[in-house]
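**Q** My structure is below; once you've seen it, I'll send some questions.
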Amino acid sequence: MSAHRQTPAQATATQPHRLNRRGFLAAAGTLAVATVAAGCSNTYDVASGFTGTDSGSGMSTLVYWNLLSGGDGSHMQAMEAYYTRTHPGVNLQSTILSWGDPYYTKLAMATRAGSPPDVAIMHVSRINEFGPPGLLTPLSLDLLAEHGMQPKDFTPRAFAKAHFRGHQLAIPLDTHPLVQYYNTALCKKAGLLDSSGQLPPINGPAALLAVLRKLKKTGVTPVVCDQVNDQSTAWRLFYTLYSQGGGKLVAGNGTKVILDEALATRVLSFISQMAAEGLMVSNVDNNGGTALFLAGDAALFWEGEWEVAVFQAGKLPFSMQPYPAVFGTDVAWADSHTFVIPRQPSADPEKLSMALTMIRTLLGQSLIWAEGGHIPAWLPVRATAAYKRLKPQSNYESVADRAAYDPPAWYSGAGSDMENYAGAAIGTVMTGGLSPQAGYREMRQAFETLSKETVPV
Amino acid sequence: MTTRAMRLPATTAGRTTRRARLSGGDLSGLGFLAPFLIFYALFLILPLVLDVVMSLFNTSLVLPGFGSFAGLANYRELFGDSRFWQAMWHTILFTLVSTPPLVLLSLFFAIAVNRISRGQWFFRLAFFLPYILPSAVIALIWTWLYEPGYGLIDGFFHLLGLGPPGWLSSPSLALYSIVIVTVWWTIGFNFILYLAGLQEIPREVYEASSIDGASRWRQTWRLTLPMLGRTTTLVVVLQVIASLKIFDQIYLITAGGPNYATRSAIEFIYDTGFTSQRVGYASAASLVLFVVILVVSFVWLALVQRQERV
Amino acid sequence: MTIRAPLRRENRAARTRPAARPATGPARNWRDGLFRRAVTGVVIALALVWLIPVAWTLDTSIKPENATILIPATWGVPHPTFAAYGADFSATDLGRWYLNSAIVTIFVTALTVITASMAGYALSRGTFRGKRLLFALILAGIMIPPQALIIPLFRELQSAHLINTYWALILPQVPAPIAVFIFKKFFDGIPIEMEQAAKVDGAGWLTTYARIILPLARPAIAAVAIFTFVWTWNNFLWPFLAATSPTMFTIPVGIGTVVSGVGIVNALQMASAVLGALPLVLVFLLGQRQIVEGVAGTGLK
């Protein structure tokens, strides 16, 4: 061994540091032994990881994915617990993945790779993306009926949206729209509440501006609507107002852009005006917006209805109502969580039946789900007095029947590119960084680019 | 799989018999090389070839086969795609901003720590421990540190009476926040390289200059730094190449946001290939990035060759 | 190519022990001493700053959740609890991820060391035609960034129906041209006499390699193994793509993808950060010097 070729490692080896190397080898050895032990003890099915035959779905195992990481997640877990208690023969493996594109990318990739979950949550707005390549198992109405579910049991609008090119691809769980939260104490101070202590519905842009200005005079932030880090809320605000004006965005599954310039610019100008007058605070992220309203620093909060539990837990004096009818009608952006059965590598009727039974069980627990803020799609619960008694959740119940779902395009839906790019433009208008006209151009540009992309499905 | 294996016999087919250094046949030499070559061919060469091929087609992640032939259409679209160039720019900006502190700070640490006689383990622990943490852990730690309101950094700013900026929420600031994370995370690697380089410098050189009356500062400036020239080249080039390939911390901390302000080139490739499912287009982008990295590597090779000759 | 200065060669012979640090004699004058103390002070301060993120993570992980949302953030836990750690294990497949990481990393390390050392040996001792060309080809591979290959690699493994198996996680991570280079350089430095003696005795390639070369190659093996181990364990991008179901995730992927809890989960997330880092940190604490030397030695990777 020639001296001039020694590496530092060699230099070390010849010095009395064997303790450290022994330590390292010992650690690695322990790791190896532990691995073998775990594999042999059948705690984990290691062999299947090599053969790829088993994606964790043995006969009595049901693999369930969802993306409910927010406050409503605990409600889903409560519903899952009910299912597990009443069906002790089934091992429900539930995994929560991060909301948005990561979830859908993973779901699509897993389905294509042949190892999808047995049942998963999917936003109905994503149906134009998952439907065409056949990633979802079509559900015949007979099969649904066998498991206690019929079309008439669901919110019609949601059930129809889950129907795609002649097949029922999803079973709706809820509808969740953009709503208006209002701090009853602050609104009372501004003299805005009616005799029953509620905020009367606001109609038209002038009325909304008047309310906001009145609130500003009392020294609070009139309304907070977040757009930092997550462009969804910005998109929902714009889309609500735009849909209220009757506007349409795309045609031909997204390949054609039919954005109405006049209406869009009017909406953006209105948003811009609120920002310019200091009536709307939007340079916060999701947590920040919630925190602001929770702390009683903002009188109004525009967000999806799922934050209700946070404010109830915080003992905040507040209520909720449908989003104001600013531009004509009172539709609001909404999406629906649905249950889907991803396409399985091989047909397994028993597993499918198990999955449908689970879905039916969870639907029966929709009251728990409604406590989390969502409007149940399962009519047998939605029609009950118990749900109507849930305040303030049932205040906006009717919005489910006039929900404005995301435009039907393969690139749209919850957490999609469309929401991100368009939302970015809108968000910048919200902070005053872009003029309404510039914001419109950016948004149009985003849609044009998306519409020209080769449809991958 | 058979392509590579079949090529090997061809190269040895026409060989003339030479006196082997070790008798035992040349084929067994090849036999030793074969396992590696198989892996190499399958998982480095073949993908590269596929990259080139798929970039000429409209390959989709969903559908089997290569899809319709596109010729250079993908490249043409790529060169006009502002989102791609933004991603490239973010990557380059990241490289430009992160390399100086990662190189200079680690150098300073190494020189300073090298002088300290006792307790070097403490500094090794402090600076190198982050390096062995996985990126997912780094993301958790720093997202929490940067958390608006509750985070430690915001708390520190409150203490100073300053209004904290939107670390991860401001499009203009987010990338720099990621730079800070990266410096904290990976400086240990350069630190170790520099320490090793410093310890190669023999005492006699310093002793001689001490006798001559040189001050510590002079010694550092005139002796240490020049002798670390080779190590510095290594550190800089490794750093630059690593920065060009950046993905993990950006994807995990900001997901490329806000408003795609931090999306790196690799993340663009990932988004295009796996989320938008446009494999052919993503392959074209991969090759462009690969060429950039290749150029940097060649520059490095040239630099090292020159230093070798000195 | 070596990363050492040519100067080193002469001085290796000249000095009797490895250089430790510059002469630490008394300062030449008061300014020198001040300078030295200032530098030492600064680096100590920065080292402490460097430890803050980890300390804060540990601090948060043992707080009850509602103690994590105080404004401004405060150190210290009046009622520390390890509840978050337990919750992390039960809420996610953490145990399974540990196992997956262990399996993948051990296999990759073993395969890398074996194939690369054999290849390095073959390139060092072999005389087959095309050796130069093959070596150059392998060297060129050092410049191929694996990140640029994720798309075709995924396609390859998808066609072979191997996605979401251990094979998909292990195999693409095995070829490491840099390891071949390191081994070849190392073997080049071993005088050939011993092997020639063995050949005379009739030993074949495999015997020579196993009996004589491998024991001598321990330092290089250690260096390559350590670096491969650390790098493979922490690898995120490829396992993120290759494992599509949570039961096949490795630790980094699991922690980075699966949501461990709903609501306020700061302590839970910090606990999962600690648990995710734990295996390598333990290995690091036990074999600090080995790891550092291994990383420095394979610096080129």
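**Q** Two decimals, Cα atoms only, Kirkwood Rh: what is Rg/Rh over region C:75-157?
**A** Dividing the radius of gyration by the Kirkwood radius yields 1.26.
**Q** Still on this structure: Give me Rg over Rh for region C:229-274, both radii from the alpha carbons and Rh done the Kirkwood way, two decimal places.
**A** 1.02
**Q** Any chance you could give the angle, 0 to 90 degrees and rounded to 10, that helix A:205-217 forms with the longest Cα principal axis of chain A?
**A** Helix A:205-217 and the main axis of chain A meet at about 80 degrees.
**Q** Take every residue in peptide C:213-220, count the Cβ atoms of other chains within 10 Å of its Cβ, and give the average of those counts. Before the final figure, lay out each step's value.
**A** Numbers: counts 0, 0, 0, 1, 0, 4, 11, 3.
Partner-chain Cβ atoms within 10 Å, mean over residues of C:213-220: 2.
**Q** Apply the membrane-span-like helix rule to chain B: whole DSSP H runs, Cα extent along the own long axis of at least 24 Å, mean Kyte-Doolittle hydropathy at least 0.0. List the helices found.
**A** B:82-115, B:174-199, B:279-309
**Q** Further question on the same structure: Which distance in Å, rounded to a whole number, links the C-alpha centroids of region A:276-313 and region B:58-101?
**A** So the two Cα centres are separated by 38 Å.
**Q** Let me understand region C:92-258 better: what is its radius of gyration from the alpha carbons, and its Dmax, in angstrom?
**A** When restricted to the Cα atoms of region C:92-258, Rg and Dmax are 18.4, 60 Å.
**Q** Further question on the same structure: Checking understanding here: applying a Kyte-Doolittle mean of at least 1.6 and a length along the axis of at least 27 Å (C-alpha), which whole DSSP H helices in chain C pass?
**A** Long hydrophobic helices here: C:266-286.
**Q** Tell me, what is the percent relative contact order of region A:337-457, built from C-alpha pairs under 8 Å that lie six or more residues apart?
**A** With pairs under 8 Å counted, the relative contact order is 13 percent.
**Q** Something else about it: In degrees from 0 to 90, rounded to the nearest 10, what is the angle of the helix A:349-364 Cα long axis to the longest principal axis of chain A?
**A** 40 degrees
**Q** Using a 10 Å cut-off around each Cβ, can you sort B:L107, B:L56 from fewest to most neighbouring Cβ atoms?
**A** Ascending Cβ contact count within 10 Å gives the list B:L56, B:L107.
**Q** Here's something else I'd like to know. Using alpha carbons only, how many degrees (0 to 90, rounded to 10) separate the axis of helix A:72-86 from the longest principal axis of chain A?
**A** 60 degrees
**Q** Before anything else, pin down the relative contact order of chain C: Cα pairs under 8 Å, at least 6 apart, normalised by residue count, whole percent.
**A** 29 percent
**Q** Now a separate question. When N is the residue count of region B:92-263, what does its C-alpha Rg come to as a fraction of 2.2 N^0.38 Å? Write down the numbers at each step before the final one.
**A** Details: Rg = 18.9 Å, N = 172, 2.2 N^0.38 = 15.6 Å.
Rounded to two decimals, the normalised Rg is 1.21.
**Q** Calculated from DSSP H runs of 4 or more alone, at -39500 (n - 2.57) each and per residue, what is the 222 nm mean residue ellipticity of the protein assembly as shown, nearest 500?
**A** -17500 deg cm²/dmol
**Q** Quick one: Cα convex hull volume of the protein assembly as shown, Å³ per residue?
**A** Normalising the Cα hull of the protein assembly as shown by residue number yields 184 Å³.
**Q** Would you mind ranking A:E307, A:E80, C:E193 by Cβ crowding within 10 Å, fewest neighbours first?
**A** Values: A:E307 23, A:E80 18, C:E193 8.
With the fewest neighbours first, A:E307, A:E80, C:E193 line up as C:E193, A:E80, A:E307.
**Q** Now for a different question. So which lysines pass the test for A:K256, namely a Cα distance under 21 Å, with those fewer than 8 places away in the same chain ruled out?
**A** By straight Cα distance, A:K256 reaches A:K161, A:K248, A:K452.
**Q** Hey, fewest Cβ within 10 Å first, where do C:R36, A:R389 land in order?
**A** In increasing order of surrounding Cβ atoms, one gets A:R389, C:R36.
**Q** Give me the orientation-averaged projected area of the Cα convex hull of chain C, in nm², one decimal.
**A** 23.8 nm²
**Q** Wrap a convex hull around the Cα atoms of chain A, take a quarter of its surface area, and give that in square nanometres.
**A** Averaging across all directions leaves 30.3 nm² for the Cα convex hull.
**Q** Relative to 2.2 N^0.38 Å, what does the C-alpha radius of gyration of chain B come to as a ratio? Two decimals please.
**A** Cα-based Rg divided by the globular estimate yields 1.28.
**Q** Can you list, largest first and rounded to whole Å, the semi-axes you get for region A:167-265 by taking the square root of 5 times each eigenvalue of its Cα gyration tensor?
**A** 32, 18, 14
Each value in this text was obtained by applying a stated rule to the coordinates, not by laboratory testing. Computed from a prediction, not measured in an experiment: that's the story for all the values here. So basically every Cβ, Gly included, is an ideal-geometry build from the backbone, and we count neighbours across all protein chains shown.
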